[in-house]
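Student: I have a structure here, written as structure tokens, and I will follow up with some questions on it.
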Amino acid sequence: MNPLKANWFPTRSMEFWLSRFILIPATELKCGGMVVACTFDHRIADAYSANMFLVSWAKMANSKSPLTEVPSFNRSLLNPRRPSQIHPSLNDMYIPVTSLPPGPPKMEINDHEDHLASRIYYVTAEQLIKLQALASSNGCKRSKLESFCAFLWKMVARSETGNDVKKLCKMGIVVDGRSRLADKNDLMASYFGNVLSIPFGGKKIQELNEKSLNWVADEVHEFLECVLTKEHFLGLIDWVEAHRPVPGLAKMYCNGSEEGATFVVSSGQRFPVSKVDFGWGAPVFGSYHFPWGGSSGYVMPMPSPAGNGDWVVYMHMLTGQLEVIEKEASHVFKPLTFGYLIQLNFVTVMY
């Protein structure tokens, strides 16, 4: 027997371990539609990889669409350098789990009045353009994602109580490293695995509340800019290798007593909703669900399946934060309804 298999599968079948990596329940609706859910273990695959799987699966099921993009499992694409070159900034971003400070008592977590809840909203293209204009009012044009994140950062800070204004509110943004590492290597674009970094910024709640949107957008741009390079991701590969086999964690999750709310924005703008066609029509709707533990929030903006410039935004946030967002930013974040989906003029099949 292969020694690797002997180590990984001593008493369980391959099917058992695969079921721990991916589960796909399908639910047929009375109207004739169908909901298809697909769970992934994020330690093995990121959202980009999940997208590749869904599109490939749909193409294989639909004989009219031949499989043109084959995923790459070549781990040598992420080999560390010799000698390693680890920039000090990486130690400010990541920490080995063995170095984590002790967490709060379990009773403190269980008795917390606020809890995480999931909601789905849509943001119109018109509102996104307005946010971008406000975020770019100092003469430096910011992207829609930077503008959206800056606005959301201010909203989350506003949800904190007056006694917490000196605390830090931290926001991270997930960045895919494939395009940074690709060069002329086409295999990197189809790499199946995790190629992510999570830069973050932390600002006092009072500062986020008082400063203008374009100032906050500048802060977002600044902490994002430092990781949008090939060198950053090569250094991150070296950092992971230097701490192997101990897993690492983004430091933004390590809240101290002086720190407040924490959340991550992961861009789903490349989620190919229209391409996940199994042969009976394009999906009406597609979204993510990411119910991780702890008290950190998670936000995933995705393009509307209509392709009209609207965004569909999944949020997994503290209920207090969601209440403030719905109260003070209802003109931006509108609850996703069946009526909105009907207006998209798609077929009635739902995934």
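Student: Quick check on V332: is it in a loop (DSSP other than H, G, I, E, B), of a type in the set (A, V, I, L, M) and at pLDDT 90 or above?
Tutor: Judged against the criteria, V332 is a match.
Student: To continue, here is another question. Within the range 219-230, count every residue that is crowded, with 18+ Cβ neighbours inside 10 Å and outside any helix (DSSP H, G or I).
Tutor: Qualifying residue count for the region: 1.
Student: Output the residues belonging to the range 266-283 that are under 24 Å from L224 (Cα atoms) and basic (K, R).
Tutor: Within the range 266-283, R270 is the sole residue that qualifies.
Student: Given E160, E113, which one is surrounded by 13 or more Cβ atoms within 10 Å (Cβ to Cβ) and at pLDDT below 90?
Tutor: E160
Student: Now for a different question. Need the failing condition index for P245 against (1) assigned to a strand (DSSP E or B); (2) free of Cβ contacts under 8 Å to residues at least 40 places away in the same chain, just the number.
Tutor: Only one criterion is unmet by P245, namely (1).
Student: Here is a follow-up. Among the residues of the range 191-230, count how many are closer than 17 Å to V175 by Cα and either polar (S, T, N, Q) or over 22 Å from the mean Cα position of the chain (by Cα) (or both).
Tutor: 3
Student: Here's a follow-up. Hey, could you check the range 181-213 for residues that are among the aliphatic types (A, V, I, L, M) and surrounded by fewer than 17 Cβ atoms within 10 Å (Cβ to Cβ) and say which is farthest from F40 (Cα to Cα)?
Tutor: This residue is A182.
Student: Out of the range 296-315, which residues are of a type in the set (G, A, S), more than 21 Å from K154 (Cβ to Cβ) and buried (at least 20 other Cβ atoms within 10 Å of the Cβ)?
Tutor: Of everything in the range 296-315, just one residue is of a type in the set (G, A, S), more than 21 Å from K154 (Cβ to Cβ) and buried (at least 20 other Cβ atoms within 10 Å of the Cβ), namely S304.
Student: May I pose another question? Looking only at the range 243-268, which residues are surrounded by fewer than 14 Cβ atoms within 10 Å (Cβ to Cβ) and modelled with pLDDT under 80?
Tutor: The answer is G256, S257, E258.
Student: While we're here: Taking the range 219-242 only, how many residues are under 30 Å from A135 (Cα atoms) and either in contact (Cβ under 8 Å) with a residue 40 or more places away in the chain or touching a Gly at 6+ places or on another chain (Cβ under 8 Å) (or both)?
Tutor: Qualifying residue count, the range 219-242: 14.
Student: Being closer than 22 Å to A47 by Cα, among the β-branched types (V, I, T), touching a residue at least 12 places away in the same chain (Cβ under 8 Å) and assigned to a helix (DSSP H, G or I) is the requirement here; does V216 meet it?
Tutor: No: the conditions fail for V216.
Student: Can you tell me which residue among L322, L318 is in contact (Cβ under 8 Å) with a residue 60 or more places away in the chain, in contact with a His (Cβ under 9 Å, 6 or more places away or on another chain) and surrounded by 19 or more Cβ atoms within 10 Å (Cβ to Cβ)?
Tutor: Exactly one residue qualifies, and that residue is L318.
Student: Restricting to the range 277-326, give me the number of residues that are part of a strand (DSSP E or B), out of contact with any helix residue (DSSP H, G or I) (no Cβ under 8 Å at 6 or more places or on another chain) and either of a type in the set (F, W, Y) or modelled with pLDDT under 85 (or both).
Tutor: 2
The values are calculated or read from the model by the stated rules, or taken from the named source; none is laboratory data. What you see is a predicted model; the values in this text were computed from it and never measured. Neighbour counts are summed over all protein chains in view; Cβ atoms, including those assigned to glycine, are modelled from backbone coordinates with ideal geometry.
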